[in-house]
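The values are calculated or read from the model by the stated rules, or taken from the named source; none is laboratory data. A quick note: this is a predicted structure, and the numbers were derived from the prediction, not measured. Here Cβ is always computed from backbone atoms with ideal geometry, including for glycine, and neighbour counts include all displayed protein chains. Surface accessibility is based on the protein's heavy atoms, side chains included, excluding ligands, DNA and RNA. Shrake-Rupley method; radii C 1.70, N 1.55, O 1.52, S 1.80 Å.
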Amino acid sequence: MRAYLKEYPELLNRSAILMPGCAEYDVDAVQAISDLTAKKLEILYVGGIDRIYDLTVFFQAMQQMPDQVHAYVCCREKEWENAKSKYLPYMSEKISIIHESGQGLEPYYKKADICCAFAGEGDYMRMAMPIKVFEYLGHYIPIIATKDTAAGKFIEKENLGWSIEYNQEALKQCLHNILQNPALLQEKRESEISAYEANTWKARAKQVILDLK
């Protein structure tokens with residue numbers, strides 16, 4: 001956000017990045033590599049689907065993926081009712097719409113091989129870090145995000161998943177690559193396990209203490 005603070009140099013000199021953090025979840029520290037010969041590649045998206053967050057490209061790409069790929073899209077029920085006319089042309093059995101939160105999401109996290117932060121681009125997405133990215137990280141689930149967004153840069157830097165161009169072909173190529181090389185999922189999980197402690201809410205609190213000294 002520094003680009004928007006140029007008129008306030010005193011704030012620029014005192015600014016520091018403070019990202020959201022990971023909560024503590026009851027998950028296994030090490031998960032087995034998914035056997036994609038015996039199950040579908042499961043993707044989970046949690047968040048908004050209207051206005052700023054746009055899943056049109058994601059839905060279009062999913063429509064063209066093989067039946068071996070399936071996605072759960074979790075959003076507020078009212079938001080789905082308002083936005084579904086935009087997405088219905090691309091709906092298929094490869095996408096399930098759910099309306100869960102909190103503990104209701106845990107069964108879907110257990111199913112998920114990949115979590116999705118591939119939901120648009122633009123100034124807002126370059127500036128804002130979705131809290132759900134750290135919920136994904138806390139569950140040790142590899143993440144696909146849009147390149148050159150705040151989420152994409154973080155995921156790329158920490159090797160937590162894939163930061164890709166915001167278009168259908170890039171997403172399809174990424175998913176096909178994972179289908180052909182499922183060991184990549186374990187590689188990303190191991191990076192998330194390593195990154196977890198530095199991205200908890202406790203770590204953020206320690207950062208605030210240091211920044212305010």
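Separation of the alpha carbons by more than 18 angstrom is noted, of LYS39/LYS94; LYS111/LYS153; LYS40/LYS110, for LYS111/LYS153. Computed from backbone phi with θ = phi - 60° and the Karplus coefficients 6.51, -1.76 and 1.60, the 3J(HN,Hα) list for segment 55-61 is 9, 4, 4, 4, 4, 4, 5 Hz; x is used for glycine and proline. If both residues of a DSSP beta bridge must be in the chain, then about 0% of such bridges are antiparallel.
Pairs over the 27 Å Cα-Cα cut-off, from the set LYS188/LYS213; LYS132/LYS188; LYS78/LYS132; LYS157/LYS206: LYS188/LYS213. How large a share of the accessible area of segment 36-130, in percent, is made up of carbon and sulfur atoms when the probe is 1.4 Å and the other protein chains stay in place? For segment 36-130, the apolar C and S fraction of the accessible surface comes to 47 percent. Heavy-atom accessible surface of segment 1-92, averaged per residue, reaches 63 Å², computed with a 1.4 Å probe. Peptide packing for 200-207, 62-69, 130-137 was compared via the average number of neighbouring C-beta atoms within 10 Å per residue; ordered from the highest value, the list is 130-137, 62-69, 200-207. Pairwise inverse Cα distances across the chain, averaged and inverted, put the Kirkwood hydrodynamic radius at 18.1 Å. Of the residues GLY102, GLY122, GLY161, the one that moves most in a GNM of the chain with alpha-carbon contacts below 10 Å is GLY102.
Dividing the radius of gyration of the alpha carbons in segment 49-131 by their Kirkwood radius gives 0.95 for Rg/Rh. Highest mean first, the peptides 86-98, 13-25 sorted by other C-beta atoms within 10 Å per residue fall in the order 86-98, 13-25.
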